[in-house]
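Below: one structure, written as structure tokens.
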Ligand code: IFM
């Protein structure tokens with residue numbers, strides 16, 4: 001019996017992704033630790049607290065879990081506020097900690113991808129106005145230089161900034177992340193500064209480490225248009241440009257186009273050795289005359305599909321191929337899937353979601369897209385920002401009881417392990433993990449045998 005196999009290219013990277021504030025615990029000197037102190041900012045007033053206790057060394061046992069899943073890579077971030085606790089003063093002990101973390105990855109044959117900015121800022125930067133202050137660009141560059149000097153002999157893959165437009169939208173338009181603003185003007189200014197910061201970081205890293213591979217992680221959303229399409233389509237286009245495309249256009253052309261005008265940032269042009277795609281949800285866009293402060297654009301959850309918790313969209317795995325296709329046409333560099341996953345504490349839907357995602361990814365690669373690796377979000381349940389430890393927002397392949405630090409393996413971890421070990425998704429995996437969907441995903445020979453040739 002032939003078993004259909006979706007084979008991935010040799011050397012493909014398979015891993016999981018994490019970020020410092022979400023897993024380390026004990027962060028007290030960044031803007032998120034301050035934000036968590038105020039009621040109403042995080043689910044049930046929770047605090048990141050000990051998170052997954054990585055700062056105390058528990059990363060080693062979680063990296064062993066990654067090895068047990070046959071991963072060959074891991075994406076993680078370093079915490080700026082630990083490395084540069086005061087402007088211009090660098091903490092060697094913190095840098096040595098990260099040297100040990102990277103060594104722990106290398107000892108396990110896990111290729112590190114290191115993110116330099118994943119949502120958090122040192123308190124001192126926040127006191128200077130955060131990313132609204134144009135000086136943030138030089139401060140970030142100084143931090144990046146120090147990190148690359150310390151870790152550059154161990155790290156090749158650098159990710160400058162995680163999800164710049166999520167950072168902008170959640171922090172400066174929706175008010176859900178610090179600094180909790182609702183201002184399109186502020187959003188615009190911060191976007192300009194982030195683009196400049198990426199460019200400055202790119203050039204600084206290349207200066208110190210010419211062989212480095214530098215990129216960033218860009219979140220993309222899929223968007224349906226509310227009906228009637230003729231009326232609502234402009235809302236879909238505005239939202240798609242703002243959230244998905246403007247930043248990328250800035251990187252490929254050196255010009256950022258946002259409502260309010262164009263800004264030339266020539267130094268940002270051609271500053272991608274690779275681009276990371278973070279993909280999770282599909283939304284629905286429409287016009288709403290009641291929200292002028294959001295340019296009348298209303299982005300809501302579709303009514304049907306694989307619906308996650310209310311504050312997020314529909315989990316629609318096939319959006320992966322949609323975005324890979326667009327990026328392949330518009331950005332001339334290799335891609336990584338730097339995040340993909342879904343919240344599902346009971347692991348009811350995750351195996352199907354994972355199989356459909358990997359299926360979608362394989363289709364794109366087999367249509368010639370240059371995708372070099374896939375990082376599942378996430379290795380172990382962690383602090384999910386404004387959702388805190390809300391049980392509806394468990395993204396881990398391993399569960400984590402944050403009181404006891406006890407880990408529990410979900411069946412998706414076993415599935416992911418099989419995919420990574422085989423460097424392939426097979427019909428047999430689909431039949432065992434999602435039997436009701438296996439035939440639709442993998443027509444086996446028995447299905448083909450039923451196809452009769454027309455009689456002559
Ligand atoms: O937990 C986040 C991560 O920090 C950024 N991307 C989306 C994830 C899940 O919401």
Considering 192, 78, 166, which residue is within 16 Å of the ligand (Cβ to nearest atom) and farther than 18 Å from residue 54 by Cβ? 166
Could you give me the residue pairs with C-beta distances under 6 Å whose first residue belongs to region 363-389 and is farther than 17 Å from residue 63 by Cβ and modelled with pLDDT under 95, whose second residue is within 16 Å of the ligand (Cβ to nearest atom) and in a helix (DSSP H, G or I) wherever it lies, and which are 6+ apart or on separate chains? none
Across region 144-163, the tally of residues that are more than 20 Å from residue 82 (Cβ to Cβ) and either within 16 Å of the ligand (Cβ to nearest atom) or crowded, with 22+ Cβ neighbours inside 10 Å (or both) stands at 2
Of the residues in region 321-354, those that are closer than 16 Å to residue 280 by Cα, in contact with a strand residue (DSSP E or B) (Cβ under 6 Å, 6 or more places away or on another chain) and not in a helix (DSSP H, G or I) come to 336, 337, 338, 339, 340, 341, 342
Checked region 390-414 for anything within 12 Å of the ligand (Cβ to nearest atom) and either without any contact (Cβ under 8 Å) to a residue 60 or more places away in the chain or part of a strand (DSSP E or B) (or both); matches are 394, 395, 396
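This table checks each residue for (1) more than 18 Å from residue 332 (Cα to Cα); (2) part of a helix (DSSP H, G or I); (3) without any contact (Cβ under 8 Å) to a residue 40 or more places away in the chain; (4) under 23 Å from the mean Cα position of the chain (by Cα).
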residue	(1), (2), (3), (4)
248	no, yes, no, yes
271	no, no, no, yes
276	no, no, no, yes
281	yes, no, no, yes
285	yes, no, no, yes
Please go through region 302-316 and give me each residue that is in a loop (DSSP other than H, G, I, E, B), closer than 30 Å to residue 373 by Cβ and touching a strand residue (DSSP E or B) at 6+ places or on another chain (Cβ under 8 Å), ordered by number. 302, 305, 306, 308, 312, 313, 316
Which numbered condition trips up residue 277, out of (1) within 17 Å of residue 174 (Cα to Cα); (2) within 16 Å of the ligand (Cβ to nearest atom); (3) modelled with pLDDT of 95 or more? (1)
Restricting the search to region 428-446, which residues are part of a helix (DSSP H, G or I), surrounded by 18 or more Cβ atoms within 10 Å (Cβ to Cβ) and either within 16 Å of the ligand (Cβ to nearest atom) or modelled with pLDDT under 95 (or both)? 438, 441
Which numbered condition in (1) within 30 Å of residue 333 (Cα to Cα); (2) assigned to a loop (DSSP other than H, G, I, E, B); (3) more than 15 Å from the ligand (Cβ to nearest atom) is the only one that residue 378 fails? (3)
One residue is enough: does region 7-15 have a residue meeting the conditions more than 25 Å from residue 162 (Cα to Cα), more than 16 Å from the ligand (Cβ to nearest atom) and buried (at least 22 other Cβ atoms within 10 Å of the Cβ)? yes
Restricting attention to strands (runs of 3 or more DSSP E) lying wholly within region 1-110, give those where 1 or more residues are closer than 16 Å to residue 379 by Cα. 13-17, 73-77
Tell me, yes or no, whether region 405-418 has at least one residue that is in contact with a strand residue (DSSP E or B) (Cβ under 9 Å, 6 or more places away or on another chain), modelled with pLDDT of 95 or more and over 30 Å from residue 44 (Cα atoms). yes
Can you find a residue that is without any contact (Cβ under 8 Å) to a residue 40 or more places away in the chain and either more than 16 Å from residue 411 (Cβ to Cβ) or away from the ligand (no atom under 11 Å from the Cβ) (or both) anywhere in region 333-348? yes
State the number of residues belonging to region 295-311 that are closer than 10 Å to residue 239 by Cα and crowded, with 18+ Cβ neighbours inside 10 Å. 3
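The values are calculated or read from the model by the stated rules, or taken from the named source; none is laboratory data. If you're wondering where the values come from, they're calculated on a predicted model, not measured in any experiment. Cβ sites come from the backbone with ideal geometry, for glycine too, and all protein chains shown count toward neighbours.
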